[in-house]
Amino acid sequence: MALIAVVDDNEEWGDLFLTIIRDCGHQGDYYSTAGQFLDSLSKAKPDLLILDMQLSGMHGREIIRILRTNRETQRMLIIAVSGHDIGSPHVIKAFEAGADEYLPKPIDIPLLKVRVEALLRRGTDGKNLASKDIQIGDLRISPESRLVAMGKKTLPLTKIEFELLTAFVRQPNRVLTRGIILETVWKAHADMNTRTVDKHVETLRKKLGDFGKRIETVIGIGYIFRKK
């Protein structure tokens, strides 16, 4: 059973989300304001957050940025929701801020249930990867020894390239913005030169050979690692 938080200033939507969460067999907490939710983090940190992006008082993007820049919450799974269509620039901004998923209102309930379970599985997989060796196809990563091998060949990755690769494989199929990558790998602010990220990704791809094609560019946003 996972703990899922809902932040939405419309109580009807809040009640609907809680019903869906409980139908999935999980525990749900509802907050009508950003302040209530952020205050609650000192007591318990949810596994997943369903966040309305158009809150009064504080925009959803600001909440996501707060969560992504805090070490204790930076890996929290986030589903952004709003009344904007999936093709809207607001969706891109939600992903740029660090959302894992975006769903438009009115919500497709079966789709929401599927996405919640898929994200929770991915989150569990990511936690299990923290200290164990990671094997994806011919690629093997040993976090403790900090060695990376492709088949029987050890790859000469720099410290930054190693951190960049592990950041990708621990969050498969999630769009990582350049800002998030800077904060995660370089521990730097998102307003630094994002060309730094592009140059290192390009070098990493070359060292990985064909495997490097799994690190795909998301135009205007960042990158995504495809775990096949």
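The values are calculated or read from the model by the stated rules, or taken from the named source; none is laboratory data. Quick caveat: nothing in here was measured; it's all calculated off a predicted structure. A quick note on method: Cβ atoms are made from the backbone with ideal geometry, for glycine too, and the neighbour counts reach across all protein chains shown.
A compact table of results
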| item | result |
| --- | --- |
| Unmet criterion (only one of (1) out of contact with any strand residue (DSSP E or B) (no Cβ under 8 Å at 6 or more places or on another chain); (2) buried (at least 20 other Cβ atoms within 10 Å of the Cβ)) for L165 | (1) |
| Sole residue being buried (at least 20 other Cβ atoms within 10 Å of the Cβ), more than 21 Å from P143 (Cα to Cα) and touching a helix residue (DSSP H, G or I) at 6+ places or on another chain (Cβ under 8 Å), chosen from V185, V197 | V197 |
| Output for the stretch 14-24, where each listed residue is in contact with a strand residue (DSSP E or B) (Cβ under 7 Å, 6 or more places away or on another chain) and either surrounded by 17 or more Cβ atoms within 10 Å (Cβ to Cβ) or not assigned by TED's automatic domain parsing to the domain that holds G35 (or both) | G14, F17, L18, I21 |
| Only one of D198, D191 that is modelled with pLDDT under 90, of a type in the set (D, E) and not assigned by TED's automatic domain parsing to the domain that holds T69 | D191 |
| Lone qualifier among P156, P172 - being outside the structural domain of E101 (by TED's automatic domain parsing), assigned to a loop (DSSP other than H, G, I, E, B), at pLDDT 90 or above and on the phi < 0 side of the Ramachandran plot | P156 |
| All helices (runs of 4 or more DSSP H) inside the stretch 1-116 with 1 or more residues being among the acidic types (D, E) and free of Cβ contacts under 8 Å to residues at least 60 places away in the same chain | 11-23, 34-40, 60-68 |
| Test: residue in the stretch 176-185 that is touching a Phe, Trp or Tyr at 6+ places or on another chain (Cβ under 7 Å) and without any contact (Cβ under 8 Å) to a residue 40 or more places away in the chain | no |
| Residue match in the stretch 91-105 (condition: among the β-branched types (V, I, T) and modelled with pLDDT of 85 or more) | no |
| Every pair of residues 6+ apart whose Cβ atoms lie under 6 Å, when the first sits in the stretch 151-162 and is over 16 Å from D198 (Cα atoms) while the second is in a loop (DSSP other than H, G, I, E, B) | G151/D138 |
